[in-house]
Amino acid sequence: QVQLVESGGGLVQPGGSLRLSCAASGIIFSIYHMGWYRQAPGKQRELVARITSGGTANYADSVKGRSTISRDDAKNTVYMQMDSLRPEDTAVYYCNAALVALTAWGQGTQVTVSS
């Protein structure tokens, strides 16, 4: 059974930083492409960052230069370091694991950027 567990969300002031983590179990983590998505109230879920099984990373324009996605295959964990956070980054952040037609989601972690 695939399980993705996110952590690291919270309340942070504008300009602050957070590091999200997603621990995976039940999959051969190293062969999966991993991603972070977010969904703000009243908006559709959107891709924030993605890292392939080979380590190639892609970012949404809205976070490019402010966020870094990484993975540790030995720990079955994907991370996202978010810096210079803005109020518009407020959302529930979801971890995603994908392999061809297979996909799995975590339960989400809330990130709130507010003074």
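The values are calculated or read from the model by the stated rules, or taken from the named source; none is laboratory data. Every value quoted in this text rests on a predicted model; they were computed, and no experiment measured them. Quick reminder, even Gly has a Cβ in these numbers, built from the backbone with ideal geometry, and neighbours come from all protein chains shown. Note: areas computed on protein heavy atoms with side chains; ligands, DNA, RNA excluded. Shrake-Rupley method; radii C 1.70, N 1.55, O 1.52, S 1.80 Å.
Structure notes:
- Residues of region 64-72 include none that is within 19 Å of Gln1 (Cα to Cα), open to solvent by less than 50 Å² (accessible area, probe 1.4 Å) and among the hydroxyl-bearing types (Ser, Thr, Tyr).
- Residues that are open to solvent by 30 Å² or more (accessible area, probe 1.4 Å) and either more than 18 Å from Ala49 (Cβ to Cβ) or without any contact (Cβ under 8 Å) to a residue 12 or more places away in the chain (or both) within region 6-29 comprise Leu11, Gln13, Pro14, Gly15, Ser25, Gly26, Ile28, listed in sequence order.
Table: residues versus (1) in contact (Cβ under 8 Å) with a residue 60 or more places away in the chain; (2) at positive phi; (3) not in a loop (DSSP other than H, G, I, E, B).
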site: Val63; (1), (2), (3): no, no, no
site: Thr68; (1), (2), (3): no, no, yes
site: Ala74; (1), (2), (3): no, no, no
site: Asn96; (1), (2), (3): yes, no, yes
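- Search result, residues across region 80-94 that are touching a Lys or Arg at 6+ places or on another chain (Cβ under 6 Å) and either buried (at least 18 other Cβ atoms within 10 Å of the Cβ) or in a helix (DSSP H, G or I) (or both): Ala91, Tyr93
- Of all residues in region 30-60 being hydroxyl-bearing (Ser, Thr, Tyr) and part of a loop (DSSP other than H, G, I, E, B), the one that is most open to solvent (accessible area, probe 1.4 Å): Thr56
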